[in-house]
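Quick notes on the structure that follows.
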Amino acid sequence: MRLGKLPYVTLWAVRFDEMRRLYKEILGIPVAEENPNFVMFDTRGCRLAVHRLLKGPPLARRTVELHLEVDDVDKVYTSLQRRGVKFEEKPANRPWKTRMASFHDPEGYTVEIIGPLRESETPTKS
């Protein structure tokens, strides 16, 4: 038996409204479905669902990373900074052959913006 396609991933969020605003308005990911307690974002790969959680403890460990692929990490980094996103890691070539910048969303999940290497830079270790 082989399991099939992963159609979507759900993030449960106490800070649901902030999460919806980040992914919808700031990151500009298209919405496939939405109601007051749920939003499904339509990425070009696996869909991303955010579901309201009425109460819960803050994340004690960062156990989820979202990797959003773009054509130009530096361009997206600059655009998102202008929109108020506070990055933890600036764009840099990584040894695993991608260029990456990262930040944390309102729930504390790591969001990595990844794309092609910048040929003028050597990889940095993370």
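The values are calculated or read from the model by the stated rules, or taken from the named source; none is laboratory data. All figures in this text were calculated on a predicted structure; none of them were measured in a lab. Cβ placement follows ideal geometry from the backbone for every residue including glycine, while neighbour counts extend to all protein chains displayed. Note: areas computed on protein heavy atoms with side chains; ligands, DNA, RNA excluded. Shrake-Rupley method; radii C 1.70, N 1.55, O 1.52, S 1.80 Å.
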Calculate how steeply helix 73-82 sits against the longest principal axis of the alpha-carbon atoms of the chain, using the helix alpha-carbon long axis, and give the answer as 0 to 90 degrees to the nearest 10. 60
Work from the charge dipole of the stretch 4-126 (Cβ charges, +1 for Lys and Arg, -1 for Asp and Glu, about the Cα centre) and give the residue of Ser102, Ala60, Leu117 farthest towards its positive end. Ala60
What number comes out for the charge environment of Leu66, summing +1 per Lys or Arg and -1 per Asp or Glu over other residues with Cβ under 10 Å away? -3
From largest accessible area down, sort His51, His67; use a 1.4 Å probe on the protein chains. His67, His51
Run the numbers on the stretch 1-65 and let me know its relative contact order in percent, using alpha-carbon pairs under 8 Å that are six or more apart. 36
Find, to one decimal place in angstroms, the Kirkwood hydrodynamic radius of the stretch 14-126, where the mean of 1/r is taken over every pair of different Cα atoms and then inverted. 15.0
Filter the cross-link list Lys24/Lys97; Lys24/Lys90; Lys24/Lys55 down to pairs whose alpha-carbon distance in this structure exceeds 24 Å. Lys24/Lys97
Percent of Cα-Cα pairs more than 16 Å apart in the stretch 55-113, please. 45
